[in-house]
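Structure, as structure tokens:
Please treat every number below as a calculation from the coordinates, not as lab data. Predicted model only: the values in this text are computed from it and were never measured. Please note: Cβ atoms are built from the backbone with ideal geometry, for glycine as well, and neighbour counts cover all protein chains shown.
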Amino acid sequence: MSQSIRDPEVDLGTPAVRDAAPVTVTIDGRPVDVPAGTSILRAATEAGVPIPKLCATDSLKAFGSCRMCLVEVDGVKGVPASCTTPCTDGMVVSTHTETVRDLRRNVMELYLSDHPEDCDGCARGNCEIQEMAATVGSAEVRYGRPGSRDQVAHPHPVDVSNPYFAFDPSSCIVCSRCVRACAETQGTFALTVEGRGFDSAISAGGTDFLTSECVSCGACVQACPTSALQERSVVELGMPTRSVETTCAYCGVGCSFRAEVKGEGADTQVVRMMPSKNGGANEGHSCVKGRFAYGYTSHKDRQLSPMVRDTIDDEWRQVSWDEAIGRVAEGFKAIQTEHGVAAIGGISSSRCTNEEVYVVQKMVRAAFGNNNIDTCARVCHSPTGYGLKQTFGTSAGTQDFRSVEKADVILLIGANPTDAHPVFASRMKRRLREGARLIVADPRRIDLVRSPHVEATYHLPVLPGSNVAFVNALAHVIVTEGLHDEGFVRERCEDADEYLAFIADPVNSPEAVAEVTGVDPDELRAAARLYGTGGNSAIYYGLGVTEHSQGSTMVMGMANLAMVTGNIGREGVGVNPLRGQNNVQGSCDMGSFPHEFPGYRHVSQDDVRGIYERLWGLTLDPEPGLRIPNMFDAALAGTFRGLYVQGEDIAQSDPNTQHVEAALRAMDLVVVQDLFLNETSRFAHVFLPGTSFLEKDGTFTNAERRLNRVRPVFPSKVGMDEWEVTCAIGRAMGYDMSYAAASEIMDEIAATTPTFAGVSFARLDELGSMQWPVYDAASTGTPVMHVGEFVRGKGKLVQTVFVPTTERSTRKFPLILTTGRILSQYNVGAQTRRTANNTWHPEDVLEIHPADAELRGISTGDLVDLSSRVGSTTLRAQVSERMPAGVVYTTFHHPVTGANVVTTENSDWATNCPEYKVTAVQVGVANARGDHAVAEARQPAETHA
């Protein structure tokens, strides 16, 4: 979907009022029907009547400050702004009378009098002011105009502190669009207008952009009508000439972007990434990662040729694709001959497309001949899949993102959206500013507990490891106080009597679990009452729920809570996982678990297995294969000898790093396919270069089950698409895997998986996006699940018994470590560390409470040793009251720190999802000699590969 860069998205002014009765207005003699309350500006656009404007955009509330969109209305005195004037039935509007034209020209003169003639944007054709001046006919500026930026009446230095954009006050007309975008769209409120009259100026909180509250989402740059705020890439490369619609490859929000480029083929240069309104997830907004952090796709560290070596101590040797694929196939076949067909397996990537993931699981099942396929979702959201399937009947969230706009109460558990899912967080904050109430359940005081114009009604600092006791206590209050929806429970749920008796037991009361959870019983009771009686109540959760030994139990506990209150099956409610990686939902959907085919159908089901056996022409194994931790254990036992790893750095991201590394060393053949040499590649024998999202053709599925197209912006830099490489390995091993294009892979997915039956590239190109299930070609998707009935028929209320984790603080390891993410970095940092995002977060730090720091003689900035029963590392301390005493916190974005060196082998009872969020540790000031030794040992792969 390439388009001319001069074909911008339609800007209709203030959005139409939903569900309002239609009215008829006449604009310049043209009648048009619109919902009552629609602005004249939007109605004029729909009637095909252009009205000049500067302050009005689709994403901002009507402001009426620029006075360019003035119109005359019959029977109305004066000339109102069309962006703030609602339509009424019978209204007659004139948009280009002589009075209106004179006023517009006079207003434009004032703007131009403060705008330099040598504006950068004007020179590049990237300035709305000049375009608007031409539109309204302003040629002469009677009040004088600065000849150059140096002569502007109120000069200010250009702010170049931000690595991605610059602010030149001399080109600013103080239209306030950037201020409103920061407030209304992003919700950060980092920008203000300081001074009055001719002294008024835009300010980033009285400081520069880098040190202000600005989160570099780009909303202000996108809103700016001049070159006052401008991407540095545009200054360096010039204006783009065309664009390609695609999907972000960072978090599970799945934002749509227009990659705006110059050049063709291999000479294509990405000038900027502009958020798109077409995909449905972000509706024109973005975050610093998706908007600016795409430079890794052309970073010097990218490996563009296949490489092989005989042992992991040898140097890499570049080879042809044929030689590399032959080496992989011959090596895997040799292992199977010596150790059996089940001695090899694969791990698929949540950063790859659905089509790429599908062919990997097909290769494992058809060419490898076993079900030893797993995915990184094992270590993040596998409890989501298990828990929601048991209770609701399907392994996915219940709502679309827009649903939050109808929520009255939001229960946020174990998630930090402003850092991990910032575009959705902006949507959530907007709803909170409108009056929704927020309950935050998290041991850490995240930004949403208290931020500009948003404050949580309750912050419940649930101690790590006590989630199930906490959610049971919420349900206990609701049931014992008669706040549950008896009709919903009896009509739509099964096992109701057993569950209600279980949850009403006094052992689940807030008072009984107070010591375990660390939450004040009165606060917990008040929060439960709010959730149960506050109207539409929605649950949003993250890895702080799933990455526990009782992660699956907690997911079922949240499902119980939603069902018992009837908060399921309509807008504004539901149970909604905030998925971590861009295609973690899709990688699960595509059959990447060892016990399931695509669509979450068990491998033991004869009818399902028969679908693939007939299509693929072979007999498939009815027994589940090995999970990732089982692969590691089997490798150390000598029975698992070969592994294909697609786009995952398991040596950095998986727990108990020493155990993972030992397992990788024990294997005869480790194959890594990725963009960069990473920690896992230190143990690899074959390295296959991967493609970035800007080279991929396929689909991603985000956290709301939304499929969006990923389109190639330029040809593969490595000469092959990733799905082609996988198919080539399959063919070299004796199984014919061939497709003419990625679209054929989706066609096979649709033909074999009922929930995707109506999905195709053509339909996605036509509709923009679809949310599965899409059962047939007549369906456009399913925004809200479980309307009327659950996928499994009746919802299942499960008795969620609290079982304390075995990982507890001791005298030797008295603190509890929990982990998370930060806004500027992503996952293990392979992508974001190779961009200017390092400006904000150059290293992982350890947050420690002042009481714990004082006891150990630790100050902010000190290097400290962090140790557990399985390992240790060194990092800098940050004394902070965001964590309660007894709990410490760090991120895991930098391999030099290697936070997972200290995490243990404990995992969820149902899915083996690691218990990252509960690790007993000790912290102490590091000695200088120890610091050097640890840092040297943990150098990232790219510095020693």
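Can you tell which of 395, 500, 418 lies farthest toward the positive end of the dipole of segment 395-573, using +1 and -1 charges on the Cβ of basic and acidic side chains (Lys, Arg; Asp, Glu)?
So the residue we want is 418.
Using only Cα atoms, tell me the angle between helix 321-339 and the longest principal axis of the chain; keep it within 0 to 90° and round to the nearest 10.
Compared with the principal axis, the helix lies near 30 degrees.
Just the number, please: percent antiparallel of the DSSP beta bridges in the chain, rounded to the nearest 5. Present the calculation step by step, with values, prior to reporting the outcome.
Numbers: 64 of 110 bridges.
The answer is about 60 percent antiparallel.
Using a 10 Å cut-off around each Cβ, can you sort 664, 229 from fewest to most neighbouring Cβ atoms? Each step should come with its number before you reach the end.
On the way: 664 23, 229 28.
Lowest to highest Cβ neighbour count: 664, 229.
Using Cβ contacts closer than 10 Å as the measure, can you line up 98, 661 from fewest to most?
On the way: 98 7, 661 19.
Sorted ascending by nearby Cβ count, the order is 98, 661.
Any idea what angle helix 382-391 forms with the longest principal axis of the chain, computed on alpha-carbon atoms, 0 to 90 degrees, nearest 10?
Tilt relative to the chain: about 90 degrees.
Report, in cubic angstrom per residue, the convex hull volume of the C-alpha atoms of segment 690-811. Each step should come with its number before you reach the end.
Numbers: hull volume 30.1 nm³, N = 122.
Considering the Cα atoms of segment 690-811, their hull volume per residue is 246 Å³.
Tell me, what is the percent relative contact order of segment 815-943, built from C-alpha pairs under 8 Å that lie six or more residues apart? Can you show the working numbers first?
Numbers: 259 pairs, mean separation 42.3, N = 129.
Normalised by residue count, the contact order of segment 815-943 is 33 percent.
Nearest 5 percent is fine: what portion of the DSSP beta bridges confined to segment 395-573 is antiparallel? Kindly include the intermediate steps, with their values, before the conclusion.
Numbers: 2 of 15 bridges.
The antiparallel proportion sits near 15 percent.
Considering the options 787, 810, 773, tell which one lies farthest towards the positive end of the dipole of segment 709-814, charges being +1 on Lys and Arg and -1 on Asp and Glu at the Cβ, about the Cα centre.
Looking along the dipole axis, the top candidate is 810.
Write out the chymotrypsin sites (Phe, Trp or Tyr not before Pro) in segment 800-890 meeting two conditions: DSSP loop, and at most 16 other Cβ atoms within 10 Å of their Cβ.
Working: sites: 802, 826, 840, 889; in loops: 802, 826, 840.
Here the chymotrypsin sites (Phe, Trp or Tyr not before Pro) that fit, given the DSSP loop and packing criteria, are 840.
Which GluC sites (Glu not before Pro) from segment 712-770 combine a DSSP loop assignment with at most 13 other Cβ atoms within 10 Å? Each step should come with its number before you reach the end.
On the way: sites: 722, 724, 744, 748, 766; in loops: none.
Counting only loop positions with at most 13 other Cβ atoms within 10 Å, none of the GluC sites (Glu not before Pro) in segment 712-770 qualifies.
Quick check on segment 815-943: of the DSSP beta bridges with both residues there, what percent are antiparallel, nearest 5%?
Of those bridges, close to 60 percent are antiparallel.
Over all Cα pairs of segment 395-573, how is the pair count split among 5 Å bins, expressed in % and running from 0 up to the last occupied bin?
Once binned at 5 Å, the Cα pair distances of segment 395-573 give 1, 9, 18, 22, 23, 16, 8, 3, 0.
Show that you can apply the helix-only estimate: for the chain, add -39,500 (n - 2.57) for every DSSP H stretch of four or more residues, divide by all residues, and state [θ] at 222 nm to the nearest 500. Intermediate results must be reported in sequence, preceding the final value.
Values: 30 runs with 266 residues, N = 945.
Mean residue ellipticity, 222 nm, calculated: -8000 deg cm²/dmol.
For the pairs 406/696; 429/796; 53/277; 277/429; 794/917; 300/333, note any where the Cα-Cα span goes beyond 28 Å. Mind dumping the intermediate values first?
Working: 406/696 35 Å; 429/796 32 Å; 53/277 20 Å; 277/429 19 Å; 794/917 33 Å; 300/333 34 Å.
406/696; 429/796; 794/917; 300/333, as the Cα separations exceed 28 Å there.
Exposed loop sites here are trypsin sites (Lys or Arg not before Pro) in DSSP loop states with at most 11 other C-beta atoms within 10 Å. What is the longest stretch of the chain lacking them?
Numbers: sites that count: 6, 18, 77, 142, 196, 300, 808, 811, 812.
In the chain, the maximal stretch lacking such sites is 301-807.
If you average the sequence gap of Cα pairs under 8 Å that are 6 or more apart and divide by the length of the chain, what percent do you get for the contact order?
Numbers: 2218 pairs, mean separation 119.6, N = 945.
The value is 13 percent.
Of [x] 29.4; [y] 44.9; [z] 34.0, which one was derived for Kirkwood radius over Cα pairs in Å from the structure shown?
For Kirkwood radius over Cα pairs in Å, the calculated option is [x].
Using the 10 angstrom Cβ neighbour count as an exposure proxy, how do 507, 584, 718, 141 rank, fewest first?
Values: 507 13, 584 28, 718 22, 141 18.
With the sparsest Cβ surroundings first, the list reads 507, 141, 718, 584.
For segment 473-613, what size does the Cα cloud have along each of its three principal axes, sorted from largest down, in whole Å?
Taking max minus min along each principal axis of the Cα atoms, segment 473-613 gives 56, 33, 30 Å.
List the GluC sites (Glu not before Pro) within segment 377-458 that fall in a DSSP loop (any state other than H, G, I, E or B) and whose Cβ has at most 16 other Cβ atoms within 10 Å.
Numbers: sites: 405, 434, 455; in loops: 434.
Here the sparse-neighbourhood loop sites are 434.
Relative to the longest principal Cα axis of the chain, at what angle does helix 928-937 sit, 0 to 90 degrees, rounded to 10?
Relative to the chain, helix 928-937 is tipped by roughly 90 degrees.
Is segment 225-285 rounded, prolate or oblate when judged by the Cα gyration tensor, a ≥ b ≥ c being the square roots of its eigenvalues, rounded requiring a/c under 1.5 and prolate requiring a/b larger than b/c?
Here segment 225-285 falls in the oblate category.
Go through 638, 111, 819 and say which Cα lies farthest out towards the positive end of the charge dipole of the chain; charges sit on Cβ, +1 for Lys and Arg, -1 for Asp and Glu.
Value computed over the given set: 111.
Once the principal axes of the Cα atoms of segment 815-943 are found, what is the range along each, listed largest first in whole angstroms?
On the principal axes, segment 815-943 reaches 41, 37, 28 Å in Cα extent.
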